[in-house]
1. Please list, ordered by chain and number, the residues whose modelled amide H lies under 5 Å from the amide H of A:R483; skip anything fewer than 5 residues away on the same chain.
2. Nearest 10 degrees is fine. How inclined is helix B:433-444 to the longest principal axis of chain B, computing both from alpha carbons?
3. Taking the 0 to 90 degree range and rounding to the nearest ten, how far is the long axis of helix A:523-533 tilted relative to the main principal axis of chain A, both from C-alpha atoms?
4. Using the charge dipole of the protein assembly as shown (Lys, Arg: +1 at Cβ; Asp, Glu: -1 at Cβ; taken about the Cα centre), state which of B:A136, B:T303, A:V91 has its Cα farthest towards the positive end.
5. I'd like the antiparallel share, as a percent to the nearest 5, of DSSP beta bridges with both residues in the protein assembly as shown.
6. I want the local charge near A:A506. Using Cβ-Cβ distances under 12 Å, sum +1 for each Lys or Arg and -1 for each Asp or Glu among the other residues.
7. Of all beta bridges DSSP finds with both residues in segment A:7-279, what is the antiparallel percent, to the nearest 5?
8. Put the label 7 Å from Cα along Cα→Cβ for A:D86; what are its distances to the other copies, in nanometres, shortest first?
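Nothing in this text is a laboratory measurement; each read-out follows from the coordinates by a stated rule. What you see is a predicted model; the values in this text were computed from it and never measured. Every residue, glycine as well, gets a Cβ built from its backbone with ideal geometry; the counts of neighbours run over all protein chains shown.
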There are 2 protein chains.
Amino acid sequence: MSPEPRTAIATVCLSGALDEKLVAAAAAGFDGVEIFEPDLVASPMPPGEVRLRCADLGLSIDLYQPFRDLDSTDPARFAANLRRADAKFGVMEALGVDTVLVCSSVGADAVSDVDRLAEQLHALAARAGERGLRIAYEALAWGRHVSTWDASWEVVRRADHPALGLCLDSFHILSRGSDPAPIADVPGDKLFFLQLADAPHLSMDVLQWSRHHRLFPGQGAFDLPAFLAPVLAAGYAGPLSLEVFNDVFRQADPERAAVDGRRSLLALAEATAARGEGVDPVGEAAGRLSGHAFVEVSGDSSTGGVLAALGFARTGVHRTKPVERWEQGGARILVNRSGAEAAIAAVAVETADPPAAARRAVRLAAPVPPRERGPAEADLAAVTAPDGTALFFCRTGAADDWSGDFVGTDERAEGIGVTGIDHVGLAQPFDHFDEAALFYRSVLGLDPVTAAEFAAPFGLVRSRGLADAGRRVRLALSVSLLRRGRWAPGVSEPQYIALEVDDVVAAARAARAAGAPLLGIPDNYYADLEARLELPADVLAEYRDLGVLREETPEGAYLQVCTDVLGGRLFLALVQRIGDHDLFGWTDAPVRMAAHRRRRLARERVQA
Amino acid sequence: MSPEPRTAIATVCLSGALDEKLVAAAAAGFDGVEIFEPDLVASPMPPGEVRLRCADLGLSIDLYQPFRDLDSTDPARFAANLRRADAKFGVMEALGVDTVLVCSSVGADAVSDVDRLAEQLHALAARAGERGLRIAYEALAWGRHVSTWDASWEVVRRADHPALGLCLDSFHILSRGSDPAPIADVPGDKLFFLQLADAPHLSMDVLQWSRHHRLFPGQGAFDLPAFLAPVLAAGYAGPLSLEVFNDVFRQADPERAAVDGRRSLLALAEATAARGEGVDPVGEAAGRLSGHAFVEVSGDSSTGGVLAALGFARTGVHRTKPVERWEQGGARILVNRSGAEAAIAAVAVETADPPAAARRAVRLAAPVPPRERGPAEADLAAVTAPDGTALFFCRTGAADDWSGDFVGTDERAEGIGVTGIDHVGLAQPFDHFDEAALFYRSVLGLDPVTAAEFAAPFGLVRSRGLADAGRRVRLALSVSLLRRGRWAPGVSEPQYIALEVDDVVAAARAARAAGAPLLGIPDNYYADLEARLELPADVLAEYRDLGVLREETPEGAYLQVCTDVLGGRLFLALVQRIGDHDLFGWTDAPVRMAAHRRRRLARERVQA
């Protein structure tokens, strides 16, 4: 990993009042902040107090922003705008910040003539320069006449004043599809500031896209390493600063959002450096993943019973804790019989150098979980994901292997054909979906391979599939697109472990014979499947009998049989993949979710 | 009001499982439903059972939908699609529904040649006709070759089969800006089905717009009476049916959403009929509003104290209840000293014929509140709004006037210049914002006059201003755009009463002298105001001293001074309007909200 970059964050990225934003930025380890003017205007802290507060927190103030609609074809209006700027220069002096962002104008009186515009910016820069201040001029993607970075550079070049330079914003540049490569040719001392934001590809008004849907780098679809590289090549020496307008972040816990944002910059810096050197950053730092080592679930004796019915054998018991190791094929599941509701407690992945992987994760601001360890237990390299799941880095078979913590049993089982863990499904809390996606992506070095949005019985659900290049480790993350309505309290999506099988029908038949609680699927589903796929009657009959769900695309098919939800919020699925694809069965998810819901309501009726 | 139209709703509009949707539709009084195929596929009820269930609930099944991608340039694919249709015809027979919606194809193999397309639709219609079924062909706005209603009509005309007609969907037609007027010339018996949806004007991909942002008629920006009129003129005789894909409705209580939807159709039918006759529907039915009669708040003795400091006199006490009447100028506030937290309990408006207004409201599915009434009390015509506020229709000064319930006092006050109630601000629960807007719009006959979205300290807030044509009754509705994050529990926006004054500075000065708890506004706000507006120094000094907020636009200015939040969730504001405009002070709302939040935190610190 490259040396840590200087990082900053605009206060607009975070929820709360100005002081809460500053505290959150400092706690997350940012070096500086951009003060977003409306945050200051609503604050009871005078600018001088904000300056002291930032100093106490160890934060520099790197930018004051934004100053809007400077230029004007109306000389009186322009003169008034200069007076307005003078007032803001006074605020900046009290804040102790030397650079202000001036964005290209959107008003009907905006100046279109480049020389006249340069002249007006020169006049502003002259006033700023006299006070030791600087103007960073930025092209808004929706600016009236200046809407591209090269247009803003042309104005700055013609204005030719030492106190005038550029502010580059990745959103404004990449949302318009501009090529960032020529930025490398801009003199570095004219690049006054750099704002970074990612975004999903959306086909909508760019202003609305910008104001509501920006994301931290690595959470969206923009190629930010390809953007940052020419900026650094030009000699930009300022901080990497986040400016993200996002409806969810705006109302989420600012301390968590700040950590999420800082992680995004550290991962971006690492990826940009690796891109320059042509190496794989994760592989370099910690080795690529080679598979799932195990999944640990909390549960009780019934959890083991279900695993036994699914063909698992209890091959070991922990030396000191109420933990059992269950195995089948390459799949290992640890059951922590803590009595807590059934849920996924930990996901463990195989990697060549676990301590290096954990060190890299900690550098990416991953918290380290408290872990009680007995005297003879392996020192598992671990961090905690935003959803609370522990992540272990393992090298199964090495000398200090985790499996040494277990005493072997002589229990064996015939198995039902499970060959490994296909993927783990983790439902995410509403406020932290993008954070989780970035966390797993950066810390595990996974790539986003697919995304979907579907109508579940209680509203829309958004899902993302992550996987390593070799498809040895896959994760499926999902979130309710809006929080749940009050009419359906307490309904949160379960997590699951998808078990890889070669023949889902045979596996499900064996599992059912052994008493596994398989989830029933309505006949209506099979009537529709028949109409759509024209499957042979006997195949369809078996699907119907066993509750097989089959998602089919031109690339292949994803077949699954699910269990009921065990205890709290966990189910298991037998998964067969036909063809080479990144399906996760999401087309069938609403049917599965409706079936799980019926089982839950039926259980509740029995209990009542 | 015109006779009640036949109404239907597509199950996709509502949250939950199919049975819950059907129950909700029946409870709301719909005559029929469209069965959305994915709802059936996920349901354990076989089609025959759905048929019986609907019959038991008194619902007809008016449409089965959608059948996608029928036509194909590939003969084998087309043949398979016909077989798929045959299977669905079987489902329809079991359901007892005779019409299926076939939407224009989006696939790469969609047929572009109009005659060939007509031929394929003719083939489908022939198969349907043999079984007594009908095909309603609809142009999706994003159809590959057929994307406008007139293109779909041309195909249906050429196919010329009695079992083939059109399905018209207001969203697909109005989102493309098509003129609906020529629909009047289509033979009525070729209009097989009508789907209605409204939407806000959004500049985005039409598919995403359709899938996430549709609204019930009257909640968006489309002119639906102008759409419905030519459809009825053509002789369409089927139900008015809702097909609305909306992220919020999809996860809200289906029973409430169904009532909201049915109200939208009743109001649309009324407006369409009135449009034809060139009359004002509300005025015809119940008389236009002529002002606020009173606002009733819950509170305690301190509430009265604040009103006294604001220049109100307690002019009456209720004969039997702990309710006080406070008055100043044209403003009347009833304080119900129930001891409950301070909040708005009722809004009362003046109208020429209160019983007629209440009858019309009940026809629009407004619930009637239970009301305890003493033997000598006025029988106030009342309904309950979705946010729980009671709405009273009054004719103050009439023989059976509400004011007769009060015994006059001889208390008088000098006043501070309040002349009336400018508007009432009602914060709405997340799931019911559009419902509330439609309710107040339709039941009170108000028009949406302005809308805004602003960044509050805890996230985005959306607001809508409603007013009658004469601006005698105004309401401001607001909602948090996302639910609150867990990091800020229990923070809900307060409601408020905006009191009209001619001189806010004089009024605030008098109020403060009398001990009113005015809200302090930070100096930073006035530094910014000075930079922006160049106000005279003495004016600015008074603003700063009194906490005046000043929103200014080319149309005029909106000046306000707010009190602290009283007890639970209520504050009062003194409001001065300069110029003729529909401002509500939303530009300054984030500053006001941050200041209220600081007061709350300070109180909590004192209490702790």
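1. B:R483
2. 80
3. Computed tilt is about 70 degrees.
4. B:T303
5. Of those bridges, close to 60 percent are antiparallel.
6. -1
7. 5
8. Here A:D86 shows inter-copy label distances of 8.6 nm.
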